[in-house]
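A.B. asks: Here's a structure for you.
The values are calculated or read from the model by the stated rules, or taken from the named source; none is laboratory data. Just so we're clear, the structure is a prediction, and the values are computed from it rather than from any experiment. Neighbour counts are summed over all protein chains in view; Cβ atoms, including those assigned to glycine, are modelled from backbone coordinates with ideal geometry.
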């Protein structure tokens, strides 16, 4: 049966998945402005950090007019609207941290946010698709796509660390573009038994995953762990599996009952889902259900791509059938080992930005030390052991890492060092 990813010649192609040749899953050239009707949204969205700091954001949103979304016609307009409304929502909900929580989002924000989300097939909460993939502009349009020449469209409290966090994540997405482009070559190579084509594509994917790992290292340079943990992180938190908001959030004018949505998570990026499906990495039920739920937070076309990759002939079986082909075996093992190294490094990053600051915050609280000037103490206690997406973060990441290791075919390769 031909999938939606099959072109007129019967080959698997990325053409119908909203994947850019140059930018992969990143939205090319996001808009910076909406039609004039929506200026009240942008007037608030572009000032979120200062309005949260002065405790005025909720009051400003409460006075905001309820605007019709019918003048948003183009996809990019909807993406900017989703970004602006979701950032406002996070600021509104978490303005006072864990104190003075709100139970409902006012209709002036909730109704348009719900309508825009429905049209995009995204949930009404901040997602990776908005905060990262659609939240960038170049300072010099002709200049390079790098940290120095990039700026966020909409930001959250946390200063330069917010910029560093979202843009480093964006550059990881950019580094993955050659790998995403090579996926059809692997699938079509398997279909027609062309081992050389599969080897070449796997080598390209391996190099690209290594580049992703290098891009992730920008976090160390551009994000202060105490600012990330103590200030930023709560604004990425959702209202599902969150002890701060056990009932969820009422979207006034949409539903009378509270709704639950997960906060931001690296698992909302389509990249690793694509690699797992391609390379045959299998996840246990608990981890798999969380990862599958995170696909609901991706643009529908990207979700469909992951699904369609999973229904293609198995690469792992293809490699096993060609055991005598050393080149093919080595290319596959090298690719899995690069994915394993990336997951190990991600554990390292999470340790530096969450586990260590959480331990410091606990220590300060337990000893009632004078924590003046200690940013980590401001962090919500409820998130000490959890990811903002609601997962028990370290256990989850180590399980996923070990499952990646299980995809390796040969025992000696399993001795790849784990830096965790």
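A.B. asks: Looking at the range 338-356 only, could you name the residues that are over 18 Å from residue 205 (Cα atoms) and surrounded by 23 or more Cβ atoms within 10 Å (Cβ to Cβ)?
C.D. replies: 353, 354
A.B. asks: Might you let me know whether the range 325-332 holds any residue that is part of a helix (DSSP H, G or I) and under 24 Å from residue 17 (Cα atoms)?
C.D. replies: The answer is no, given that none of the residues of the range 325-332 is part of a helix (DSSP H, G or I) and under 24 Å from residue 17 (Cα atoms).
A.B. asks: Counting only residues that are under 18 Å from residue 321 (Cβ atoms), give me the helices (runs of 4 or more DSSP H) lying completely in the range 173-232 with at least 3 of them. Give the steps one after another, and end with the answer.
C.D. replies: Values: elements: 177-191, 195-216, 218-222.
Qualifying helices (runs of 4 or more DSSP H): 177-191, 195-216.
A.B. asks: Please work out if residue 129 is buried (at least 23 other Cβ atoms within 10 Å of the Cβ) and either touching a strand residue (DSSP E or B) at 6+ places or on another chain (Cβ under 9 Å) or closer than 28 Å to residue 5 by Cα (or both).
C.D. replies: Taking the combined requirement at face value, the residue satisfies it.
A.B. asks: Since residue 260 meets every condition but one in (1) closer than 22 Å to residue 165 by Cβ; (2) out of contact with any helix residue (DSSP H, G or I) (no Cβ under 9 Å at 6 or more places or on another chain), which condition does it not meet?
C.D. replies: (1)
A.B. asks: What residue, of 277, 285, is surrounded by fewer than 17 Cβ atoms within 10 Å (Cβ to Cβ) and within 25 Å of residue 312 (Cβ to Cβ)?
C.D. replies: Numbers: 277 fails: surrounded by fewer than 17 Cβ atoms within 10 Å (Cβ to Cβ).
Unique residue meeting the criteria: 285.
A.B. asks: Take the range 242-252 and flag every residue that is part of a loop (DSSP other than H, G, I, E, B) and crowded, with 19+ Cβ neighbours inside 10 Å. Step through it out loud before you land on a result.
C.D. replies: Here is the first cut: in the range 242-252, the ones part of a loop (DSSP other than H, G, I, E, B) are 242-248, 252.
Within the range 242-252, 242, 245 qualify.
A.B. asks: Have a look at 198, 223 and point out the one that is more than 30 Å from residue 261 (Cβ to Cβ), touching a residue at least 12 places away in the same chain (Cβ under 8 Å), buried (at least 19 other Cβ atoms within 10 Å of the Cβ) and in contact with a helix residue (DSSP H, G or I) (Cβ under 9 Å, 6 or more places away or on another chain).
C.D. replies: Unique residue meeting the criteria: 198.
A.B. asks: While we're here: So which of 164, 159 is touching a helix residue (DSSP H, G or I) at 6+ places or on another chain (Cβ under 8 Å), surrounded by fewer than 19 Cβ atoms within 10 Å (Cβ to Cβ), touching a residue at least 24 places away in the same chain (Cβ under 8 Å) and closer than 30 Å to residue 84 by Cβ?
C.D. replies: Result: 159 is the single residue among 164, 159 that is touching a helix residue (DSSP H, G or I) at 6+ places or on another chain (Cβ under 8 Å), surrounded by fewer than 19 Cβ atoms within 10 Å (Cβ to Cβ), touching a residue at least 24 places away in the same chain (Cβ under 8 Å) and closer than 30 Å to residue 84 by Cβ.
A.B. asks: Out of the residues in the range 137-153 that are without any contact (Cβ under 8 Å) to a residue 24 or more places away in the chain and in a strand (DSSP E or B), which is surrounded by the most Cβ atoms within 10 Å (Cβ to Cβ)?
C.D. replies: In this case the residue turns out to be 150.
A.B. asks: Got a number for residues in the range 295-316 being crowded, with 23+ Cβ neighbours inside 10 Å and within 23 Å of residue 392 (Cα to Cα)?
C.D. replies: Here the count works out to 2.
A.B. asks: Hey, another quick one. Say whether the condition of being closer than 20 Å to residue 126 by Cα and at pLDDT 95 or above is met by at least one residue in the range 278-290.
C.D. replies: Step one: list which residues in the range 278-290 are closer than 20 Å to residue 126 by Cα, which gives 290.
Going one step further and asking which of them are at pLDDT 95 or above, we end up with none.
Within the range 278-290, not a single residue is closer than 20 Å to residue 126 by Cα and at pLDDT 95 or above.
A.B. asks: Let me ask something else about it. Need at least 3 residues that are under 28 Å from residue 157 (Cβ atoms) and touching a strand residue (DSSP E or B) at 6+ places or on another chain (Cβ under 9 Å) per element, so show me which helices (runs of 4 or more DSSP H) inside the range 1-77 make the cut, counting only ones lying wholly within it. Step through it out loud before you land on a result.
C.D. replies: Values: elements: 39-45, 48-53, 57-62.
In the range 1-77, there are no helices (runs of 4 or more DSSP H) which contain 3 or more residues that are under 28 Å from residue 157 (Cβ atoms) and touching a strand residue (DSSP E or B) at 6+ places or on another chain (Cβ under 9 Å).
A.B. asks: Right, here's the next one. Taking only the range 79-123 into account, find how many residues are within 29 Å of residue 376 (Cβ to Cβ) and surrounded by fewer than 20 Cβ atoms within 10 Å (Cβ to Cβ).
C.D. replies: Of the residues in the range 79-123, the ones within 29 Å of residue 376 (Cβ to Cβ) are 83, 86-103, 105.
Filter again for surrounded by fewer than 20 Cβ atoms within 10 Å (Cβ to Cβ), leaving 96-103.
Adding up the residues that qualify gives 8.
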